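Just so it is clear, none of the values below were taken in a lab; they were calculated from the coordinates. Model, not experiment: these values are computed from the prediction. Cβ atoms come from the backbone with ideal geometry, glycine included; neighbour counts cover every protein chain shown.
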Amino acid sequence: MSKIQKSEETWRKELSEEAYYVLRQRGTERPFTGQYYLHEAIGTYHCRACSQALFDSSHKYHSGCGWPSFWSELDSAQILKKPDYTHGMSRIELCCSQCDSHLGHIFTDGPAPSGLRYCINSICLEFQPKENEI
């Protein structure tokens, strides 16, 4: 997998203002407002910035946190995990391994089998339904 490298000017032109804020400036969308928070369709969630496949819908669950939550990533995603000490907290930031865009954070309060909660901003995702579900 080759890294996607673009100037911030290019990212700003390609993404909406809100998507740029969250994906490139490491912002957060308001809880309970995202397009995929209560989304139930079968398919795959991809990075909005570069289209890399990140999550399968079978790993999505309703955590009640206000953002789409997954208990696992796709093996092929190889999501980057970075320490994040902003806002007076100690957490792990999740970034797309292909374009280094911010996705959300990971927590250890998720369901079995992983015990993990990938807390992801909807604006960072694009959904592709499974072909026979269209």
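Past 27 Å, Cα to Cα, is the threshold; run LYS60/LYS82; LYS6/LYS82; LYS6/LYS60; LYS3/LYS81 against it and keep the listed order. Going by Cα-Cα distance, LYS6/LYS60 fall outside the 27 Å limit. In this structure the amide hydrogen of HIS46, modeled in the peptide plane, comes within under 5 Å of the amide hydrogens of LEU54, GLU126, PHE127, GLN128, none closer than 5 places in sequence on its chain. For chymotrypsin sites (Phe, Trp or Tyr not before Pro), the sites in segment 4-73 that DSSP calls loop and that have at most 14 other Cβ atoms within 10 Å are PHE32. Dipole magnitude for the chain: computed about the Cα centre from +1 point charges on Lys and Arg Cβ and -1 point charges on Asp and Glu Cβ, it is near 300 debye. Note on the chain: Cα-Cα pairs beyond 18 Å make up 52% of the total pair count.
Projecting the Cα atoms of SER90, HIS39, SER63 onto the charge dipole of the chain, computed from C-beta unit charges around the Cα centre, puts SER90 farthest toward the positive end.
The loop-placed trypsin sites (Lys or Arg not before Pro) in segment 1-86, going by DSSP, that have at most 12 neighbouring Cβ atoms within 10 Å of their Cβ come out as LYS3.
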